[in-house]
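Take a look at the structure below.
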Amino acid sequence: MSLSREEQDDDLLNQLLRDSAADPVPDEGFVDTVMSRLPAPRRRTNRAVWLGLASGVGLAAWQLQDNPMLSHVARDWSGGQFSLASALVLVLVVMTACCTSTGVLTK
Amino acid sequence: MVPEVESRLDLLLIKRILLHEDRQAFNQLVRRHQSHVRAQLRRLCRNDHALADDLAQETFLLAWRKLSQYRSDARFSTWLFRIAHNCFLQAYRQQPRHEVQDETPLDQAAGPRQSAGLQRDLQKALQALPEGERVVMLYHTQMGLSHEETAEITGLPLGTVKTHATRGSARLRQWLKDYQSNESTGVTT
């Protein structure tokens, strides 16, 4: 069955339009330009580090809660005094926290 | 490549980008789609290649930022075309009307003997269509997208898309008829 004139024109038009759209556009550095304009990579804060650190501080506090030295230091701090003992306790808490968090992270 | 395979590959790359912020995967994604997006924008911008490429860059940068919003119920290319179309519309609205309008009446768009070939004349005739019809003809006929995809990209109602497609085709068919009769009678304008 032969196509009507209108259908032939339609086919020709569609063919011409599709042919014109088929030409690929060469890259010519386009991709590199886009990539160079991307925002700088986000510093991916490792949630595990923060989680470990928080757990470490918690654990250290829990372990030292019955220690008389801690209550002594707490009294010092509430009285606005910063003694050598309290500094030592602070260092110990931080170190324990770090060690514990490292332990948590390496597990 | 088979369209389904293409889509799966896109999804795989998108997953890698979203999970690991993988720039190499995004590089691949841009490489795979840049040609179509730039060709689309060049036609929308009436062959202003510099503007089209600027908009194409904006398109991909927006795609990078909004990739998590992509839902895989539509093809990735359709999603990308929609971003590109919105970028174009934004630029189109910002420019003074006289800069983007090159309205030549369709019957004067391409004097049959004035230009080198049918293909070039047809492009001129296409550019001379009313904006809505031109855009729909670009997506539906030139790029081979479905009416639904065209509606998705342009934000036009499906019925309007179909009407524009019918009217645009009819106008171009008439233009072709005139072109052919002028060719056969050797009329110059």
Exercise. Just by accessible area at a 1.4 angstrom probe, what is the order of B:137, A:69 from largest to smallest?
Worked result: A:69, B:137
For this session: Determine the shielding of peptide A:6-18 by partner chains: average, over its residues, the number of Cβ atoms on other chains within 10 angstrom of each Cβ.
Result: 5
Seminar exercise, completed: Heavy-atom accessible area with a 1.4 angstrom probe orders B:147, B:36, most exposed first, as B:36, B:147
For this session: Return the FRET efficiency for the residue pair residue B:18, residue A:4: r is the Cβ-Cβ distance, R0 is 45 Å, and the value is rounded to the nearest 0.05.
Result: 0.30
Problem set entry | Phi-based couplings in Hz for the stretch B:71-88 (Karplus 6.51, -1.76, 1.60; Gly and Pro marked x) | 10, 6, 6, 10, 5, 4, 4, 5, 4, 5, 4, 5, 4, 4, 5, 5, 4, 4
Problem set entry | Average beta-carbon neighbours from other chains, 10 Å sphere, peptide B:134-143 | 3
Problem set entry | Length gained when the stretch residue A:40-residue A:91 is fully extended (0.36 nm per residue, less Cα-Cα span) | 14.7 nm
Exercise. Is there a simple number for the mean count of other chain Cβ atoms within 10 Å of the Cβ of residues in B:28-35, and what is it?
Worked result: 4
Exercise. Any idea of residue B:167's accessible area? Nearest 10 Å², probe 1.4 Å.
Worked result: 130
Exercise. What FRET efficiency, computed as 1/(1 + (r/R0)^6) with R0 = 25 Å and r the Cβ-Cβ distance, is obtained for residue B:48 and residue A:23, rounded to the nearest 0.05?
Worked result: 0.90
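The values are calculated or read from the model by the stated rules, or taken from the named source; none is laboratory data. Quantities reported herein were computed from a predicted structural model and do not represent experimental measurements. Cβ atoms come from the backbone with ideal geometry, glycine included; neighbour counts cover every protein chain shown. Ligands, DNA and RNA are excluded from the accessible area calculation, which covers all protein heavy atoms including side chains. Shrake-Rupley method; radii C 1.70, N 1.55, O 1.52, S 1.80 Å.
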